Amino acid sequence: MNVLFVASEVFPLVKTGGLADVAAQLPRALAALGVDVKVLLPAYRGVLERCPDARRLGALTALDYEAVLWGWRATDGVEHLLLDCPPLYDRPGGPYQNEAGEDWPDNALRFGLLCAAAARLCGPESPLAWRPRLLHAHDWQAGLAPLWAKAAGGVPSVFTVHNLAYQGVFDRSDFDRLGLPDPLWRPEGLEFYGRWSFMKAALVYADRLTTVSPRYAEEIQTPEFGCGLDGVLRARRDVLRGILNGIDTTLWDPARDPYLTAHYDREDLSGKRAAKAELQHALGLPKAPEAFLLGMVSRLTTQKGVDVLLDASGALGDRPLQLAVLGSGERRLETALRDAAATRPHRFAVRIGYDEALAHRLIAGADGFLMPSRFEPCGLTQLYSLRYGTIPLVHPVGGLADTVFDADRHPEGNGFHIQPLNAAALVETVDRAMAHYGDGAAWRRLQRHAMAADHSWDRSARAYLALYEELAA
Ligand code: ADP
């Protein structure tokens, strides 16, 4: 079975969030089941430099742009197809935004080209001899690929929603520039309140829809979580299903993690105490083994509830705990967190930026892990935390509800629920967690439950394979 993945970010070549992890690890897990997956992504600035052994596979022209396709095999053997079009992708800044944090003004064209290239690989004009049996497109940036792949080569598609809040909404002028036909400009097609969106194109035209947790698949059919597309999703509920993401259990393994100097496992947690001491030292926090250390690694956005944490910071600062936050995102939230840390340097440590090593050390060294997300399609960091015996405190939505169970309500509890989502409930939940933490035996039991969960990719990959087989039949 040949499957073409289309994604706008793939770890380790380019990553802003969980999509990059999924786009790297799911193909590997599928390959282990015998699926031949190739992953198409744009060659942003720096990507080709990171792949010095990439081979030129061919060229294509689409949307009046000429692009070169490079083939690069990752160390795990999965082939990546790098779409090289310097006028669109060779720029400073991130994959979606410039250095000032504003969306690139020509994103419709940039990701339109990605979708057009995917479609080309599905049809008779492909520069490759390899032909996909089906296409698996991810998030809005790949949203036009299902429609165009069907037109180009009759190739069926699966579309996965990693985050419905980002939809790729553009003006009519972009619709025309991408050569989309007039009959699609209607509410049953791509039109969305006088504009149009890549996400809607995928939700309407892909053959199967998935999202990254069963709970989120239900939630997005409601007005509260549907971001204006709940009606479209309800209309397609028969082809929509939720498949929980896995995690890379080799990269995220407290017994082998190369970012840690002391290792540990479910039987012997002593290395975790060392990780905590090292983290406190690295962050300039008092070396207090008994202090409850609450960690957070996240994009700093209102989705992630950073504003709720800020509202709670006064009350948290009055408690005998330490708070360590690593993240980057909205400037005003970054600034407010820095200010909060400056007023309580002995309790709060904030590091703004993207830091893979610190993310590992923080998740290993913390006692609790905070995720007050307003919505969370799946969430990866709670899964990493569970594996590291770091107890998640979460707002139970989406994948958080599917993977974290409250220790005060569930015999196999592995975390705590913040409910409803507000500062008072967050503080109350921290108090409950600290009460458990104060009882060493109870806390270790909680850690063992957490560390027993199996979130390896194999199970998810089998669910995707079943879907592919159903579609191919
Ligand atoms: P989302 O995709 O919504 O950002 P996920 O929990 O699904 O959230 O995935 C986030 C991923 O990004 C995780 O792998 C997490 O470790 C990583 N991450 C987020 N912020 C940072 C940061 N500042 N430094 C290092 N890794 C980060």
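The values are calculated or read from the model by the stated rules, or taken from the named source; none is laboratory data. Note that this is a predicted model, so its numbers are computed, not measured. Cβ placement follows ideal geometry from the backbone for every residue including glycine, while neighbour counts extend to all protein chains displayed. Ligands, DNA and RNA are stripped out before the accessible areas are found, and what is left, the full protein with its side chains, is counted by its heavy atoms. Shrake-Rupley method; radii C 1.70, N 1.55, O 1.52, S 1.80 Å.
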Q | Test result for Lys38, modelled with pLDDT under 95 and surrounded by fewer than 23 Cβ atoms within 10 Å (Cβ to Cβ) | A | no
Q: Would you check which residues across the range 209-250 are basic (Lys, Arg) and under 20 Å from the mean Cα position of the chain (by Cα) and list them?
A: Arg215, Arg241
Q: Report yes if Asp265 is within 15 Å of the ligand (Cβ to nearest atom), outside the structural domain of Leu147 (by TED's automatic domain parsing) and either of a type in the set (D, E, K, R) or in a helix (DSSP H, G or I) (or both), otherwise no.
A: no
**Q.** Flag for Ala275 being under 24 Å from Cys115 (Cα atoms), touching a Gly at 6+ places or on another chain (Cβ under 6 Å) and buried (at least 22 other Cβ atoms within 10 Å of the Cβ)
**A.** no
Q) Consider Ala31 against the criteria (1) open to solvent by less than 10 Å² (accessible area, probe 1.4 Å); (2) free of Cβ contacts under 8 Å to residues at least 60 places away in the same chain; (3) closer than 20 Å to Thr160 by Cα: it satisfies all of them except one. Which criterion is unmet? A) (1)
Q. Hey, Leu310 hits all of (1) open to solvent by 20 Å² or more (accessible area, probe 1.4 Å); (2) under 17 Å from Val350 (Cα atoms); (3) over 26 Å from the mean Cα position of the chain (by Cα) but one; which does it fall short on?
A. (3)
(Q) Tell me whether the range 340-353 contains one or more residues that are away from the ligand (no atom under 13 Å from the Cβ) and either aromatic (Phe, Trp, Tyr) or at pLDDT below 95 (or both). (A) yes
Q) In the range 228-259, what residues are closer than 18 Å to Tyr468 by Cβ, out of contact with any strand residue (DSSP E or B) (no Cβ under 8 Å at 6 or more places or on another chain) and of a type in the set (A, V, I, L, M, F, W, C)? A) Leu244
Q: Output the qualifying pairs, or none if there are none: Cβ atoms under 8 angstrom, residues six or more apart or on different chains, first residue in the range 7-21 and assigned to a strand (DSSP E or B) and open to solvent by less than 10 Å² (accessible area, probe 1.4 Å), second residue more than 7 Å from the ligand (Cβ to nearest atom) and of a type in the set (D, E, K, R).
A: none
(Q) Just to be sure before I move on: is Ala336 within 26 Å of Gly94 (Cα to Cα), assigned to a helix (DSSP H, G or I) and aliphatic (A, V, I, L, M) in the structure I sent? (A) yes
Q: Consider Arg131 carefully, then state whether it is farther than 22 Å from Ile243 by Cα, in a loop (DSSP other than H, G, I, E, B) and touching a residue at least 12 places away in the same chain (Cβ under 8 Å).
A: yes
Q: Identify all residues within the range 448-473 that are surrounded by fewer than 20 Cβ atoms within 10 Å (Cβ to Cβ) and of a type in the set (S, T, N, Q); write none if there are none.
A: Ser456
**Q.** Residue that is surrounded by the most Cβ atoms within 10 Å (Cβ to Cβ), among those in the range 107-122 that are farther than 18 Å from Ser173 by Cα and over 23 Å from the mean Cα position of the chain (by Cα)
**A.** Leu121
**Q.** Residues within the range 414-447 that are modelled with pLDDT of 95 or more, over 18 Å from Asp402 (Cα atoms), open to solvent by 30 Å² or more (accessible area, probe 1.4 Å) and among the aliphatic types (A, V, I, L, M), tallied
**A.** 3
(Q) Step by step: first the residues of the range 225-272, then only those that are touching a helix residue (DSSP H, G or I) at 6+ places or on another chain (Cβ under 8 Å), of a type in the set (Lys, Arg) and within 21 Å of Leu362 (Cβ to Cβ), then the one that is most open to solvent (accessible area, probe 1.4 Å). Which residue is that? (A) Arg266
Q. Name the pairs: first residue in the range 323-351 and within 17 Å of Ala291 (Cβ to Cβ) and among the aromatic types (Phe, Trp, Tyr), second residue open to solvent by less than 80 Å² (accessible area, probe 1.4 Å) and away from the ligand (no atom under 11 Å from the Cβ), Cβ to Cβ under 6 Å, at least 6 apart or on different chains?
A. Phe348/Leu323; Phe348/Ala340; Phe348/Ala341
**Q.** Residues that are of a type in the set (Gly, Ala, Ser), in a strand (DSSP E or B) and open to solvent by less than 40 Å² (accessible area, probe 1.4 Å), drawn from the range 56-106
**A.** Gly58, Ala62, Ala67, Gly71
Q. What number of residues in the range 5-21 are of a type outside the set (Ser, Thr, Tyr), more than 8 Å from the ligand (Cβ to nearest atom) and closer than 13 Å to Asp139 by Cβ?
A. 5
Q) In the list Tyr388, Tyr384, which residue meets the criterion of being within 16 Å of the chain's Cα centre (by Cα), open to solvent by less than 30 Å² (accessible area, probe 1.4 Å) and within 13 Å of the ligand (Cβ to nearest atom)? A) Tyr384
Q: Report, by residue number, each residue of the range 278-298 that is surrounded by fewer than 18 Cβ atoms within 10 Å (Cβ to Cβ) and either assigned by TED's automatic domain parsing to the domain that holds Gly101 or under 21 Å from Val430 (Cα atoms) (or both).
A: Pro286, Lys287, Ala288, Pro289, Glu290
